[in-house]
């Protein structure tokens, strides 16, 4: 889903103005490799995640987002950290300005993952060295580095 009814209702009142939103991020590892998704709207690689809906627990939101975007279920194994600020700001192609405050969860993949082809057009596993060469959201480097605390 590209925009929730909740965000759409706010956008109807504020237009494209900056909106601060709670989000979640899934850090899915297979040893030293990380599952990244290439986003349709930007072509950039990032970790899988999205917004928390009103009344939704963040842990439930990360499970929902991964399922919606990849068709796969995950098991949460810990919290990597909380992130925000300028690195988490995005301007979408339609002009909507958003800043996310995201809780990153360490997750174990329970099923095969395939991109939804709406928000996510490609999924792949990458080592840190490979990630450093990808066109990506820069903030994921910090999250990936912080994920070593879980290991």
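The values are calculated or read from the model by the stated rules, or taken from the named source; none is laboratory data. Quick caveat, the model's predicted, so the values are computed rather than measured. Note that each Cβ is placed from the backbone with ideal geometry, even for glycine, and that neighbours are counted across all protein chains shown.
A few remarks follow.
- The condition of being assigned to a helix (DSSP H, G or I), modelled with pLDDT of 95 or more and in contact with a strand residue (DSSP E or B) (Cβ under 6 Å, 6 or more places away or on another chain) holds for only one of 143, 121, that being 143.
- Conditions (1) at positive phi; (2) modelled with pLDDT under 95; number of the one not met by residue 91: (1)
- Screening the candidates 44, 36 for the property of being under 21 Å from residue 148 (Cβ atoms), surrounded by 15 or more Cβ atoms within 10 Å (Cβ to Cβ) and touching a strand residue (DSSP E or B) at 6+ places or on another chain (Cβ under 9 Å) yields one hit, 36.
- Options 111, 146, 141; residue that is loosely packed, with under 14 Cβ neighbours inside 10 Å and over 18 Å from residue 4 (Cβ atoms): 111
- Any chance residue 43 is on the phi > 0 side of the Ramachandran plot and modelled with pLDDT under 95: yes
- Filter pass, residue 13 being over 20 Å from residue 142 (Cα atoms), surrounded by fewer than 19 Cβ atoms within 10 Å (Cβ to Cβ) and out of contact with any helix residue (DSSP H, G or I) (no Cβ under 6 Å at 6 or more places or on another chain): yes
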